[in-house]
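The block underneath contains the structure these notes are about, expressed in structure tokens.
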Amino acid sequence: MNELFKSVKSNSFGALLIVVSLLLLFLIFGLPLLLKNLTIPSIVIGTPFIFIVIILFIWLWSTTYYIVEYEALKIISGPFHWTILIQEIKSIRLNQNAIEGVIKPALSWKCIVINYSDNKSISISPQNQEQFLKLLKERKPSIEIK
């Protein structure tokens, strides 16, 4: 049976996405406006760029989740998708900081890091972490949890 786990959403992580969006708005429109250098071409190029970035942030915020299937872990974060075979999972590190140098389809600073395959890692933040880990251990008891 497949089980879906939504990502934990940290308010500070959401605030970071908003601040980055506002900073981009300022850099593309506000700064040129202050410098009296805002041109029609910059508006034509900047508007779709900002629109795409904001839509991407909203898409990531609203559709980041993880599905534990019988043989695979599926990770969905907006337009990005990963499938990890459960048999390839070697270890899981708990309570990790999401600033590490791994792929991070997580919406929280506190994550678990899944090490799999040949030295690959991915950082996720499932709600109901205990149930998530239990399902993975049922499917592959040799997964080391650190």
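Every read-out reported here was derived from the displayed coordinates using simple, explicitly stated rules and does not represent laboratory data. Only a predicted model underlies this, so the values are computations on that prediction, with no experimental measurement involved. Every residue, glycine among them, receives a Cβ derived from its backbone with ideal geometry; neighbour counts consider all protein chains shown.
Of the cross-linked pairs Lys90/Lys146; Lys110/Lys146; Lys90/Lys110; Lys74/Lys120; Lys9/Lys110, those separated by over 18 Å at the C-alpha level are Lys90/Lys110. Once the Cα atoms are used to define both axes, helix 11-25 deviates from the longest principal axis of the chain by about 30 degrees. Entry note, the chain: the mean residue ellipticity at 222 nm calculated from DSSP H runs of n ≥ 4, each adding -39500 (n - 2.57), is -11500 deg cm²/dmol after division by the residues and rounding to the nearest 500. Against the empirical curve 2.2 N^0.38 Å, the C-alpha radius of gyration of the chain lands at a ratio of 1.29.
Residues in the stretch 121-146, backbone N under 18 Å from the label point at Tyr70 (7 Å along the Cα-to-beta-carbon vector): list them, ranges by number please. Label zone hits: 135-141.
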